Amino acid sequence: TELNSSTPRSIVFWSRAKKCMKSASSSLHGFMLNDGTVIKDGPKMCEEACKHYEEFFSESEIFRPHPYTDSPDLQWENFDEEIPLCTTEEVIDIVNSRKKKKSIDAHGLSNFTFNFLPLSYWSLLVEIFNHSFSEGTMPDRWKDSRMLLLAKKDPICNPGLTRPISLLDVFLKVNEKLFQTRFMNIVNRRGLLPDTQSGFRPKFRLQTRVLLFFEHISSLMANSSPVGTIFVDFRSAFDQLWFRGCIGKLKRMGIPRKYLIWIENWLMNRRAFIAIKGERSKWFRIRKGGPQGSIFTPLLFITYHSDLTETLNCCLSHHFTGDLAAIMGGGIGLEILLHANSTAD
């Protein structure tokens, strides 16, 4: 607990370190197509981006039968556990804790709107949220999103070199936060997340994981042991989430039925449009991936991949949010170093 708690010195250190870190994304000024044509017109950019992301978010081709979806069902002792209902006080606490940003969702609403909602409205929304938990449903319009694009590097780039950010329905985000706390309780009780996973979960800070990573390397080097490290960055990790496989795997991990129904309904039948320079594209369906702007997507992602450590018995693994670092010492570490040197030559 002490390792993962914030101290005044650590807060000062990391706040200063952030100032030296450059932003990974930049504003988007135009698209360069495959034939070298550059377009900067808003409607045409929306059209090109829509064509790219409609194909990108199309359903993945999965070889069947697959163990996540076609294996015999396992029924755990908590399979019929209900999702705890929420209270008006809990909802209002979540609303008050959210930053009142003016960025709008697909229907023109923002968190700033919450400042003008009468208290009686939240009592009605509490009933909707509780109905969502008990029946595993939610309004279809809540699953509409407004998608913004950031350039990963150059401000004029191919649509495939952009980063999509989904601005979700403001009421769905409150519903997600309520569900996230309940899902995290299930995950913690079942001990699904390994201690080596930092980020996207409370009391497991990324800063501590970085320090432990260097400490493991230093201890191996102090014993004159060859050390090899492998860094894995999962490409478009959140955007590749397979809906059916995710539900099937969570079921085998012991997630209760009502939670599975809610997650499946949250994932399915989503749609979005892309907004660029005040223009917008047509609606298109999203058939894979978790929304990048969601508070629940990161937790779902690390739970879905929580068994990755089981395949890395030969090394010390460290999970940084959605990325992986593996440390290998001794003979295996030496083989990795020799292979890396031969590749470099």
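Values in this text are rule-based calculations from the coordinates and carry no lab data. As the structure is a computational prediction, the values presented were derived from the model and not from experiment. Cβ atoms come from the backbone with ideal geometry, glycine included; neighbour counts cover every protein chain shown.
Quick look at the numbers
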item: Which of ASN115, MET138, PRO8, positive extreme of dipole for the stretch 1-153 (C-beta unit charges); result: PRO8
item: For the stretch 217-223, Karplus couplings with θ = phi - 60° (6.51, -1.76, 1.60), whole Hz, Gly/Pro x; result: 5, 4, 5, 5, 5, 5, 8
item: Footprinting exposure proxy for THR87, THR7, THR309 (fewest neighbouring C-beta atoms within 10 Å first); result: THR7, THR87, THR309
item: Of all DSSP beta bridges in the chain, antiparallel share, percent nearest 5; result: 75 percent
item: Global form of the stretch 219-310, assessed from the alpha-carbon gyration tensor, a/c cut-off 1.5; result: oblate
item: Neighbour-count ranking [beta-carbon atoms within 10 angstrom, fewest first] of TRP262, TRP76, TRP122; result: TRP76, TRP122, TRP262
item: Share of pairwise Cα separations in the stretch 22-344, more than 24 Å, in percent; result: 63 percent
item: Amide hydrogen neighbours beyond the local backbone of LEU150, cut-off 5 Å, H modeled; result: ARG163, ILE165
item: Ascending count of other beta-carbon atoms within 10 Å, so fewest first, for ASP169, ASP70; result: ASP70, ASP169
item: Rg to Rh quotient for the stretch 131-259, alpha carbon positions, Kirkwood Rh; result: 1.05
item: ³J(HN,Hα) computed for each position of the stretch 313-324 - Karplus, 6.51 cos²θ - 1.76 cosθ + 1.60, integer Hz, glycine/proline x; result: 5, 8, 8, 8, 9, 10, 10, 9, 6, x, 10, 9
item: Contact order relative to length of the stretch 191-300, as percent, for alpha carbon pairs under 8 angstrom and 6 or more apart; result: 25 percent
item: Mean separation of Cα contacts under 8 Å (6+ apart) over length of the chain, as relative contact order %; result: 26 percent
item: Alpha-carbon centroid distance for the pair the stretch 269-288 / the stretch 128-146, whole angstrom; result: 19 Å
